Amino acid sequence: MLVLPTTMLTEPNKKRWHMAFAAIYCSRAFSTPLKKPRKKSPVSSTRVVIDVFGPHPCFPKIDQSVLAGIVKQKNLDQLGKYDGVEGLACGLETNLENGISGDAEDISRRNEAFGSNTYRRPPAKSLWYDGGSIFVAVFLVIAVSALSNFRQNRQFVKLSKVSNNIQVDVVRNGRRQQVSIFEIVVGDAVCLKIGDQVPADGLFIDGHSLLVDESSMTGESDHVEVDLTQNPFLFSGTKVADGFGRMLVTSVGMNTTWGEMMSTISNDSNEQTPLQSRLNTLTSSIGKVGLLVAFLVLVVLLIRYFTGNTQDENGNTEYNGNKTKAEDIINSVVAIIAAAVTIVVVAIPEGLPLAVTLTLAYSMKRMMSDNAMVRKLSACETMGSATTICTDKTGTLTLNQMKVTKFWLGQDFVNENGSSSLATSVVELLHQGVGLNTTGSVYKSISGSEFEFSGSPTEKAILSWAVLELNLDMEGLKQSYEIVHVEAFNSTKKRSGVLMKKKGENRTNVHWKGAAEMVLAMCSNYYDVSGNIKVLDDFERKKFDQIIQGMAASSLRCIAFAHKQVPEQENEEGKIHIEENCLTLLGLVGLKDPCRPGVKKAVEECQNAGVNVKMITGDNIFTARAIATECGILKPNQDMESGAVVEGVEFRNYTPEERMEKVDKICVMARSSPFDKLLMVQCLRQKGHVVAVTGDGTNDAPALKEADIGLSMGIQGTEVAKESSDIVILDDNFGSVATVLRWGRCVYTNIQKFIQFQLTVNVAALVINFVAAVSAGEVPLSAVQLLWVNLIMDTLGALALATEKPTKELMEKPPVGRTKPLITNVMWRNLLSQAAYQIAVLLTLQFKGEAIFNVGSKVNDTMIFNVFVLCQVFNEFNARKLEKKNVFEGIHKSKLFLVIVGVTIVLQVVMVEFLKKFADTERLNWWQWGVCVGFASVSWPIGWTVKWIPVPEKPFFSYLKWGNSKAL
C-alpha cells in the first residue's frame with residue numbers, strides 16, 4: 001500500500017500516480033485467466049512513503065507547495081519555521097531592499113521552479129451551426145449568424161487579453177521599474193500603492209497604513225490591515241484601498257488563490273444590451289401582427305376552399321363535398337397551412353439581433369483602433385444616447401505631465417536660479433519634506449548621470465524639482481533619517497504626513513504636504529527666505545491666500561509644505577498621532593499641467609452635438625475655472641454667480657430640491673469628493689439624462705458604476721477604475737471620448753437604417769400576401785422565394801447597413817436620450833412610402849400582369865418575385881440616408897456595401913435563370929428584365945421626393961395615446 005503525503009503531492013503528480021495505478025491494475029486483470037478466478041492471497045500490509053515532489057534544485061531551501069500554503073492558509077507557524085519573511089527571502093535569493101537581479105537567467109529559473117504568473121482560461125467558444133434545413137436560404141442565415149457570434153467571441157477574448165495586461169512596479173537590481181503582471185516571478189519585490197491590484201500571492205515586507213480590499217476573495221466589504229506581525233499575507237486579485245507598501249511574491253499563476261478561483265470561472269460575453277431588449281419588443285410586436293395576418297389568411301383560405309370558391313389549374317372546383325377524395329383534401333389543407341406559415345416567416349424580423357451583433361462587433365473593432373477598448377457591449381449603443389459627460393481634469397483634459405514652474409518661500413517668489421540664496425536650514429527641511437514624505441522614488445544609474453523618477457505625476461514633478469534645483473540627495477537622506485510613522489495621502493484630506501527623526505538623535509519632526517489651502521489652514525507660522533520664523537496672522541494669511549489664488553488662476557496646481565518639531569512620542573496601544581496644528585509653512589510650489597492639444601476642439605464637438613460637458617475635479621475653484629475656460633467647458637463671459645462653478649461642499653449642502661434645480665446649470669465642480677461626483681451623476685440620471693463619466697482613480701469607481709457609461713483611463717487609470725468602467729480610453733485623451741460618442745451614434749443610426757429597410761419589406765410582404773390570398777385564394781410568392789427575400793433582409797442587408805462609418809452629420813444632431821422612440825417619424829415616412837409603392841406595383845402585376853405584358857402565369861409570378869427583390873436592392877440605397885436626399889453621398893467609401901449589393905444581384909440572376917425547379921421560377925428575356933429593373937428603380941425618385949415632406953417632431957404613436965386618453 002502506497003501512502004503519499006498530500007502536502008507534498010501536486011495535482012500533476014496525483015494524475016501520474018493514478019495513471020500508474022490504473023496501468024498496474026489493468027495489466028494484472030488481463031494476466032488473470034478469465035475462467036479460473038483466483039482467491040485473494042493475504043499480503044502483509046506494508047506502509048511505504050514516497051516523496052514524489054520536493055524543492056527545486058535551483059532553490060533547495062524552498063518547497064513550492066509549502067510556500068503557496070503559507071499565504072493561502074495564513075499559516076504563521078509554518079512562516080516561523082522559515083524564520084519569517086527574511087528567511088523566505090533568503091531562500092528565494094531575494095534582497096528585500098534591492099529585489100531580485102532580474103536578468104534573463106534569473107527570471108527563467110524562477111519561472112521553471114515556481115511557474116509563470118499566468119492563468120489557464122476557458123477556451124473560446126468554437127464555431128458551430130445547425131444545419132438540417134431543406135432550404136439553402138435557411139442554411140445560409142444560420143451559418144452567417146453563427147460566424148458572426150464566433151467572431152464576436154474571439155473579439156472579446158482579444159480585448160480581455162489587452163485589459164488584463166497590467167503594469168506593476170517591481171524592484172530589481174536596486175532599480176524600481178515597471179513590468180507586465182505576466183512577467184512577475186516568485187521572489188520579486190513588488191511596490192503597492194492605493195488603487196493597485198495585488199498581482200500575486202505574497203508577504204508584506206514593509207510599508208505604511210496598508211489596507212487591502214479582499215471583497216473579491218471573501219465577499220467582506222471591510223478593508224483588511226496588512227502588517228508584519230499579525231497579518232503579513234497578501235492575495236492575488238485583491239485591491240489596495242489605502243496606504244502603500246512592498247510585498248515579496250511567493251506564488252504566481254495557477255499556484256495562487258486567485259488562480260484556483262480562475263480555473264473554475266467561465267466568462268460569458270453574450271450579454272443582452274438595452275437596445276437589444278427594445279428590439280426584442282419590436283420583434284415581438286411585429287411577430288404578433290404577422291401571426292394575426294397569417295391566421296386571417298388561414299381562415300379565409302379554408303373558408304374559400306370548403307365553400308367551393310377555389311379552382312385548380314384546369315378551372316375545376318377543388319372541393320365538391322363527398323365527391324372529393326380525402327387525400328386531395330389533406331393536400332389542399334396542407335398547402336393552405338404552408339402559405340400561412342410562409343407569411344409568419346417573412347413577418348418575423350429575426351434578422352434584428354443579427355444586425356445588432358454585426359453593428360456592435362464591427363464598431364468595437366474600429367473603436368479599438370481609435371483608442372477605445374469596449375469592455376461591455378451595451379456601452380457602444382448607450383454612448384450614442386448620452387446627453388451629459390462628466391469628465392475628470394487631470395490626464396483627461398490635461399496631459400498629466402506635471403512640472404514645477406513657481407516656488408514661493410514665505411511671501412517671496414524664488415526664480416529658477418535663486419535656490420542658492422536660500423537659508424541652509426530651510427533647504428534641509430525642504431529636503432526632508434520632499435524626500436521622506438513621498439510614495440515616489442529616484443534612481444540614478446552607476447554609469448550615467450541622469451536621474452529616473454517614478455511615482456505619480458505630481459510626485460515625479462516635485463522630486464525632479466527638489467533633486468535638480470535644490471540638490472536633494474535621496475540616498476543620503478534615507479540613510480540619515482528614520483521614518484517613525486506615515487499618514488498616507490487620501491482623496492478626503494488631500495494631504496500626506498510623515499513623522500521622522502534623525503538616526504542617533506531624539507528630536508522628532510513632522511512634515512506635511514498637500515493641497516495649499518488645506519496645509520495653510522494647519523499653519524500658524526511661516527519661514528522667510530532667510531530662515532526666520534514669522535507669525536502667520538490674519539493679514540499675512542490673506543497674502544498667502546492671494547498667492548495661492550494667483551497660481552490657481554494661472555492653471556497651476558498649488559502644493560504646500562509644512563513642518564513642526566515635536567518631542568518624541570510614546571506609543572499608546574501601538575497608535576501614533578501626527579501633529580496637525582501650529583505648523584510652520586515651509587513653502588509653496590506651483591505645478592503646471594498643460595491642456596492636451598485638440599481638447600478644446602473635442603469639447604466644442606460634443607457641445608455642438610447637444611451633449612453637456614461638465615468638469616468635476618479635486619483642484620481648487622480657481623485652477624478648475626482656469627482649466628475649464630482654457631478647454632472651452634466654461635465660456636469667458638460666464639461668471640461664478642450664475643451657478644456654473646461650484647465647490648463640492650456647496651453642492652452637497654444643497655437641499656435635494658435645490659440640487660435638482662441647479663444641476664443642469666453647473667459646468668464645473670471644484671474641490672469635489674468621490675461622494676460629490678456620485679451625487680452629481682445620481683441627480684443627472686434622476687432628471688432623465690443619459691450620463692457618461694470619465695475617471696482614473698479608485699475614488700471614481702462609485703461614479704463610474706452609477707453612470708450609464710463609465711469611461712476609465714488606460715494609462716493613468718487604476719485597476720479598480722478599469723474594472724468599474726464600460727469603456728477604457730487607451731490614450732487618456734478627451735478627444736477619444738468624443739470619438740466614442742461619434743461611434744455610439746453611428747451604431748444607433750445604423751441599426752435604425754436596418755430597421756427601416758426591414759420593416760419596409762415586412763409591411764409590403766404582409767399586405768401583398770394577405771390581399772392576394774383573400775381575393776385570389778393564393779399567395780403570389782412561394783416559400784423558397786420568401787425565404788430568399790428573408791436572406792436579403794436579415795443577412796446581406798444587415799451586413800451592408802451595419803458597417804456604415806461615422807459621418808460629420810452625426811455630431812450635428814441633438815442626442816437621442818432615454819425617451820425618443822426607436823422608430824422616428826422620418827423612418828415611418830420613408831418606409832410607408834416605399835411599402836405603398838411596392839404594394840401597388842406587385843398587386844398590379846398580380847391581377848393585371850398577364851394581360852399587360854402578355855405573358856403566362858409562371859412568367860408573371862417570376863416577374864413579381866424579381867420586382868420584389870430588386871425593389872429591396874434599390875431601397876437599400878435609400879436606407880443609407882434617413883434624412884439626406886442624396887443617398888449616394890460617400891458611396892465610394894462604402895466598398896463593402898457595394899460588394900454586397902453586387903453579390904445580391906448576381907445571386908438573384910442565378911435564382912431566376914438557373915434554379916428553375918428549386919426557386920419555382922421561369923427564365924426572363926432581356927425586355928422582361930428591363931421592366932423589372934425599371935419598376936424597382938422608381939423607388940429612388942420616390943425616396944428623394946418624400947424627403948421634401950416635413951414631419952412633426954412629436955412621435956407618431958403619441959397622437960394615438962393622446963386620442964385614447966381623450967376617448968376615455
Scanning region 550-569 residue by residue, those open to solvent by less than 30 Å² (accessible area, probe 1.4 Å), among the aliphatic types (A, V, I, L, M) and outside any strand (DSSP E or B) turn out to be M551, A552
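This table checks each residue for (1) within 26 Å of H511 (Cα to Cα); (2) open to solvent by 50 Å² or more (accessible area, probe 1.4 Å); (3) more than 35 Å from the chain's Cα centre (by Cα).
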| site | (1), (2), (3) |
| --- | --- |
| E579 | yes, yes, yes |
| L583 | yes, no, yes |
| K592 | yes, yes, no |
| V611 | no, no, no |
Pair list, Cβ < 8 Å and 6+ apart or interchain, from region 657-681 residues that are farther than 18 Å from A515 by Cα and in contact (Cβ under 8 Å) with a residue 40 or more places away in the chain to residues that are basic (K, R) and surrounded by 19 or more Cβ atoms within 10 Å (Cβ to Cβ): I666/K614; C667/K614; V668/K614; V668/R625; M680/K614
Evaluate region 788-805: report whether one residue or more is outside any helix (DSSP H, G or I) and open to solvent by 30 Å² or more (accessible area, probe 1.4 Å). yes
List pairs: first residue in region 78-101 and more than 18 Å from D227 (Cβ to Cβ) and free of Cβ contacts under 8 Å to residues at least 40 places away in the same chain, second residue assigned to a strand (DSSP E or B) and open to solvent by 30 Å² or more (accessible area, probe 1.4 Å) anywhere in the structure, Cβ distance under 7 angstrom, at least six positions apart or on different chains. none
Taking region 378-394 and keeping only residues that are part of a loop (DSSP other than H, G, I, E, B) and crowded, with 24+ Cβ neighbours inside 10 Å, one is left with G384, A386, D392, K393
Exactly one condition in (1) open to solvent by 70 Å² or more (accessible area, probe 1.4 Å); (2) in a helix (DSSP H, G or I); (3) in contact (Cβ under 8 Å) with a residue 12 or more places away in the chain is not met by F935; state its number. (1)
Where V909 falls short, out of the listed (1) modelled with pLDDT of 75 or more; (2) outside any loop (DSSP other than H, G, I, E, B); (3) open to solvent by 80 Å² or more (accessible area, probe 1.4 Å): (3)
In region 660-687, the residues that are assigned to a helix (DSSP H, G or I), buried (at least 19 other Cβ atoms within 10 Å of the Cβ) and of a type in the set (K, R): K677
Could you tell me which residue of region 523-549 is nearest to V426 (Cα to Cα), considering only residues that are crowded, with 16+ Cβ neighbours inside 10 Å and touching a Lys or Arg at 6+ places or on another chain (Cβ under 8 Å)? Y527
State all residues of region 708-723 that are open to solvent by 10 Å² or more (accessible area, probe 1.4 Å) and either within 11 Å of the chain's Cα centre (by Cα) or at pLDDT 80 or above (or both); if no residue qualifies, say none. D708, G714, K722, E723
Would you check if F453 is of a type in the set (A, V, I, L, M, F, W, C), free of Cβ contacts under 8 Å to residues at least 12 places away in the same chain and either surrounded by 21 or more Cβ atoms within 10 Å (Cβ to Cβ) or outside any loop (DSSP other than H, G, I, E, B) (or both)? no
Looking only at region 817-851, and only at residues there that are in a loop (DSSP other than H, G, I, E, B), open to solvent by 30 Å² or more (accessible area, probe 1.4 Å) and of a type outside the set (K, R), the one that is farthest from H892 (Cα to Cα): T819
Here is a check on your reading of the model: is V859 of a type outside the set (S, T, N, Q) and over 18 Å from L801 (Cβ atoms)? yes
How about region 150-175: which of its residues are modelled with pLDDT of 85 or more and of a type in the set (S, T, N, Q)? N173
Which one of these is among the aliphatic types (A, V, I, L, M) and either within 20 Å of A802 (Cα to Cα) or in contact with a Lys or Arg (Cβ under 9 Å, 6 or more places away or on another chain) (or both): V946, V867, V906? V946
Name the single residue that is surrounded by the fewest Cβ atoms within 10 Å (Cβ to Cβ) among those in region 938-968 being at pLDDT below 90 and small (G, A, S). A967
So K493, is it charged (D, E, K, R) and either open to solvent by 40 Å² or more (accessible area, probe 1.4 Å) or in a loop (DSSP other than H, G, I, E, B) (or both): yes
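Yes/no matrix, rows are residues, columns are (1) in a loop (DSSP other than H, G, I, E, B); (2) modelled with pLDDT of 85 or more; (3) surrounded by 21 or more Cβ atoms within 10 Å (Cβ to Cβ):
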| residue | (1), (2), (3) |
| --- | --- |
| Q177 | no, yes, no |
| V190 | no, yes, yes |
| I194 | yes, no, yes |
| S216 | no, no, no |
| D222 | yes, no, no |
For region 65-100, which positions are on the phi < 0 side of the Ramachandran plot, in contact with a strand residue (DSSP E or B) (Cβ under 8 Å, 6 or more places away or on another chain) and open to solvent by less than 20 Å² (accessible area, probe 1.4 Å)? L67, A68, I70, V71, L79, V85, L88, A89, L92, T94, I100
Would you mention how many residues in region 870-884 are closer than 16 Å to E809 by Cβ and either of a type outside the set (G, A, S) or outside any loop (DSSP other than H, G, I, E, B) (or both)? 5
Is it the case, given these coordinates, that G115 is on the phi < 0 side of the Ramachandran plot and open to solvent by less than 50 Å² (accessible area, probe 1.4 Å)? no
Can you go through L477, L520, L463, L470 and tell me which one is buried (at least 21 other Cβ atoms within 10 Å of the Cβ) and either of a type in the set (V, I, T) or in contact (Cβ under 8 Å) with a residue 40 or more places away in the chain (or both)? L520
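Go through region 832-855 and count every residue that is of a type in the set (D, E, K, R) and in contact with a helix residue (DSSP H, G or I) (Cβ under 6 Å, 6 or more places away or on another chain).
1
The values are calculated or read from the model by the stated rules, or taken from the named source; none is laboratory data. Computed from a prediction, not measured in an experiment: that's the story for all the values here. With ideal geometry, Cβ positions are generated from the backbone for all residues, glycine too; neighbour counts draw on all protein chains shown. For accessibility, only protein heavy atoms count, side chains too; no ligands or nucleic acids. Shrake-Rupley method; radii C 1.70, N 1.55, O 1.52, S 1.80 Å.
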